Structures are given as structure tokens and as C-alpha cells.
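**Student:** Once you've had a glance at the structure underneath, I'll fire off some questions.
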Amino acid sequence: MERALLVTIKLKSEKDSWRLEDVAEELEELTHTCGAEAVDNITCICDKPTPNLFIGKGKTQELALLAEEEGVNTVILSHDLSGTQQRNLEEVIGKKTIDRTQLILDIFARHARSPEGKTQVELAQLQYLMPRLVGKGVMLSRLGGGIGTRGPGEQKLEVDRRRISKRIDKLKDDLRRLRQHRLTMRKRRKENAIPTVALIGYTNAGKSTLLNALTFAGQTVSDSLFTTLDPLHKSFVLPNGEHIVISDTVGFLHNLPHHLIEAFKATLEEVVEADLLIHVLDISHLRVYEHNQAVFSVLKELQADKKPLITALNKIDLLEDKTWLEQLKKDFHNSLTISAKLRQNLDSLLEKIQENFVSRMTHLELLIPHSRMDLVDLCYREGKVEEIKYLQKGIKIRLNLPRVLSQKLLHNREIEKIS
């Protein structure tokens, strides 16, 4: 197991509600999820980052001594580093040095399963690497020399830059094709009047557990960060018979780097295009308010913060004192308490979802010819049949049906509307 020394930095110029200790704890969680052991976590407060080392020279030399004493393989900083800063730190400390974004990208790479997920991870990694090529060491910018190498030549740095640019363009084209496929699928759902619900929330809030509890999806769950990277869509039938599609999405994170949001917009489109968002919030977590704020920061960046939203206060089974739950519900918009793991209060959640889509359903009583059993099958498949009677003149059926579908049926001259 890789041994890591963590360095959590607070800049005095930063306007962040998170305490230094909370940032340090989350950095440890990310390190653990990455499969490394955090042997120590050094915290420091700086006025501003220095251009050559990010932190001061004295602190860097202190880290070098500590890294040697602890026998660590890697030093991880909580802030993004430039290529020059990373190179200089590695030279002084004598150990591999990475930043928080590289740590997150490593977790993403571990959890990507689908071709789309792997494409998005590679794109994010290359977009992160591109501006950091300068400062990656002499080998990336060395001119050709010696017999047979004289002439126009080209810096290796420029070769690397061009290759990466071409690869980025290729990955973007691949994602555009995948996006077109999703648009086609989304168009079909809209034509069939099937609303979509997206599960959103801070990483490890319990979104996948909730999806499994509602749809028996068999989605992998784990008490770690970013278990779900590839979006999963599952069909579901509400108690009133309406068909919906529920999507699990990648978890959000405090200070999620902007370029990661850009690279994963293909996945996050499910959030933008959804008819309803269910914000799964771990109510047992000490930083529940900060997690809520972080989620809405990402929603705002995606321009999805005005969408209809239900807040599912999850993991009530982990609370020892539940007397203050009613007060907590007042602090979060349109909320209710659940335990996805124990399937508690899921009926209440379904009622809230159903209320959001009630205007899409209509109550009908129809008379369908005996020769059109395919339409009867459609009524059972797409609606909720309350009563059916087989009469001599036809099949009398009373049901709830999506409004768009009911309008299509009523345009059929073979069908008679009774009420």
C-alpha cells in the first residue's frame, strides 16, 4: 500500500466556509478511497501561494525531512499545483508530489467502467496535463542533439503538446457522438411522455443505495467516495401507474474543479435535462450544511439550480438522537427524512415524486373494441388500470394514463371516451 503524507493548506485570501480541519479530513477520505495510507496530515495557513513552491521554502524543507522519516512514497497537497511548482516540490522533497485534482482523477480512473466513463476520465486527465507540460522536467523540452539529429528539429515539449491536443480533439469527438446517442434516447422518452428523475448529492450520500432500494438496480455501493462514476438509468412505475426513469449520477464534491465539471458535462447533462431532482443528503454527517451548499454550487454552475427539487435527508438510521429531525427538515427545501439502506419512508418519497408529476396524468374511462387488445395491453403497460369490464359492445376500462398518451388514444376513432 502506498504511504502518503498529506498537506492541507488554507490561504488567507480564500473565502470558504469550510474549516481547515474539515478540508484535511476530506483529503484523508480521498486518499483512503485511492487505496493509499495517510501516515500524517500537516496543516498550514499561508498568506498567498509562492510561484515556485506554492508553500514557503522552510515548510517545504520541513516536509522533506518528515517524508524521509515516515518513509512515504507520495506527498499530496490540497490545492492545485502548476507544473513548475510540482517539479520544484519534488526536487526539494525527493518524493512524488501530486495535488488534490490528480488524486480525484485517480479515483475516477479506478471507478470508470463504461467506455463513456473512461473517455471522460482520459479527457479530464489530458486537459489537466496540457497547461502543466512546461515545468515537467528537462526531458520534455530537450532539443535533439548529436549526429543525425541536427537540422530544423523540434522541441519534445511541442511534440508532446501536439499529440495531446490531437488526442483531446479525438476524445471530444467521441463524447459528441455519445452525446448524440443520449439525445436520441432522451427524445424517445419525451415522445413517450416519460419523465426523468435524477438522483444528485454529495459523494457517498447514498444515491446508489436509494436507486437500489427503489428499483432493485443492483448498483455497486460502498462506504467510500465516488463509487458511482458512470450514470445508470432505470425504469420505475409510480404508485399511480406513471412510468418514470430514475438516473444515478456522479457525486458532487466541495470545490470540485471547474475543468472536471467541463469534462464530465456529458454525464452531468442528465442533471440538466431531468424533470425533477432528488437531492440525497447525508443527514448524519457533521458537515451536512456544507455538503448542501457544495451541491448547490455545482447546480448553479450547471444552471440547474432552479429545477424542481426534493431533498431526501438520508441515513436517519445512523442518528442516535432523532428529536431534532423536524427542525432539520425546516432548514432544507421541500425535504423529508428517509433511510435508503433500511427502506424507511420510501413511500413518502414516492408520494412527493408523484405529486410533482400529477399534472401529467389524467383519469379516463374508455370503450375499446375487442379487436384492439393491443390497446388494452398498452393501457396496462403505460398506465394504471382501476377497473376493466368485458362487455358485448367492447371492453370498458377505467384508468390513469399520461396526458400525452391519452391524447393520442383519443385521436383513434375506434376508441370511445365514456367520461
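**Student:** Just to be sure before I move on: is Leu342 part of a loop (DSSP other than H, G, I, E, B) and either assigned by TED's automatic domain parsing to the domain that holds Ala198 or closer than 22 Å to Ser406 by Cα (or both) in the structure I sent?
**Tutor:** Yes, satisfied.
**Student:** Ser335 - would you say it is more than 18 Å from the chain's Cα centre (by Cα) and either surrounded by 16 or more Cβ atoms within 10 Å (Cβ to Cβ) or not assigned by TED's automatic domain parsing to the domain that holds Lys10 (or both)? Can you show your working first?
**Tutor:** On the way: more than 18 Å from the chain's Cα centre (by Cα): yes; either surrounded by 16 or more Cβ atoms within 10 Å (Cβ to Cβ) or not assigned by TED's automatic domain parsing to the domain that holds Lys10 (or both): yes.
Criteria met by Ser335.
**Student:** What's the total number of residues in the range 130-187 that are of a type in the set (A, V, I, L, M, F, W, C) and either modelled with pLDDT under 70 or on the phi > 0 side of the Ramachandran plot (or both)?
**Tutor:** Going through the range 130-187 one residue at a time, the tally reaches 7.
Listed here are the residues, each with its yes/no results for (1) under 26 Å from Pro195 (Cβ atoms); (2) over 42 Å from the mean Cα position of the chain (by Cα); (3) surrounded by fewer than 16 Cβ atoms within 10 Å (Cβ to Cβ); (4) charged (D, E, K, R).
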{"position": "Pro369", "(1), (2), (3), (4)": "no, yes, yes, no"}
{"position": "Arg372", "(1), (2), (3), (4)": "no, yes, yes, yes"}
{"position": "Arg381", "(1), (2), (3), (4)": "yes, no, yes, yes"}
{"position": "Pro402", "(1), (2), (3), (4)": "yes, no, no, no"}
{"position": "Glu414", "(1), (2), (3), (4)": "no, yes, yes, yes"}
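**Student:** Tally the residues that are hydroxyl-bearing (Ser, Thr, Tyr), within 29 Å of Glu242 (Cβ to Cβ) and either touching a residue at least 24 places away in the same chain (Cβ under 8 Å) or not in a helix (DSSP H, G or I) (or both), restricting the search to the range 165-199.
**Tutor:** Final tally of qualifying residues: 1.
**Student:** Against the conditions (1) closer than 21 Å to Gln120 by Cα; (2) at pLDDT below 85; (3) in contact with a Phe, Trp or Tyr (Cβ under 8 Å, 6 or more places away or on another chain); (4) surrounded by 22 or more Cβ atoms within 10 Å (Cβ to Cβ), where does Val295 fall short? Just the number, please.
**Tutor:** (2)
**Student:** Filter the range 18-33 down to the residues that are without any contact (Cβ under 8 Å) to a residue 40 or more places away in the chain and in contact with a strand residue (DSSP E or B) (Cβ under 7 Å, 6 or more places away or on another chain), then identify the one that is surrounded by the fewest Cβ atoms within 10 Å (Cβ to Cβ).
**Tutor:** Looking at residues that are without any contact (Cβ under 8 Å) to a residue 40 or more places away in the chain and in contact with a strand residue (DSSP E or B) (Cβ under 7 Å, 6 or more places away or on another chain), I get Leu20.
**Student:** Where residues in the range 96-127 are outside any helix (DSSP H, G or I) and either crowded, with 20+ Cβ neighbours inside 10 Å or of a type in the set (A, V, I, L, M, F, W, C) (or both), which of them is modelled with the lowest pLDDT?
**Tutor:** My answer is Ala112.
**Student:** Another question, then. Of all residues in the range 1-17, which are buried (at least 17 other Cβ atoms within 10 Å of the Cβ) and among the hydrophobic types (A, V, I, L, M, F, W, C)?
**Tutor:** Ala4, Leu5, Leu6, Val7, Ile9, listed by residue number.
Conditions (1) at pLDDT 90 or above; (2) in a helix (DSSP H, G or I), marked per residue:
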| residue | (1), (2) |
| --- | --- |
| Ser17 | no, no |
| Glu26 | yes, yes |
| Ala38 | yes, no |
| Lys48 | no, no |
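**Student:** Inside the range 328-346, can you point out the residues that are in contact (Cβ under 8 Å) with a residue 60 or more places away in the chain and at negative phi?
**Tutor:** Residues satisfying the conditions are Ile338, Ala340, Lys341, Leu346.
**Student:** Residues of the range 383-400 being over 26 Å from Phe236 (Cβ atoms) and either of a type in the set (Phe, Trp, Tyr) or surrounded by fewer than 18 Cβ atoms within 10 Å (Cβ to Cβ) (or both), which ones?
**Tutor:** Residues of the range 383-400 over 26 Å from Phe236 (Cβ atoms): 389-396.
Residues satisfying the conditions are Lys389, Tyr390, Leu391, Gln392, Lys393, Lys396.
**Student:** Oh, and also: Has the range 34-51 got at least one residue that is among the acidic types (Asp, Glu), within 30 Å of Ala112 (Cα to Cα) and either surrounded by fewer than 17 Cβ atoms within 10 Å (Cβ to Cβ) or under 29 Å from the mean Cα position of the chain (by Cα) (or both)?
**Tutor:** Among the residues of the range 34-51, at least one is among the acidic types (Asp, Glu), within 30 Å of Ala112 (Cα to Cα) and either surrounded by fewer than 17 Cβ atoms within 10 Å (Cβ to Cβ) or under 29 Å from the mean Cα position of the chain (by Cα) (or both), which makes the answer yes.
The values are calculated or read from the model by the stated rules, or taken from the named source; none is laboratory data. Because the structure is predicted, anything quoted here is derived from the model rather than measured. As a convention, Cβ positions derive from the backbone with ideal geometry for all residues, glycine included, and neighbour counts pool all protein chains shown.
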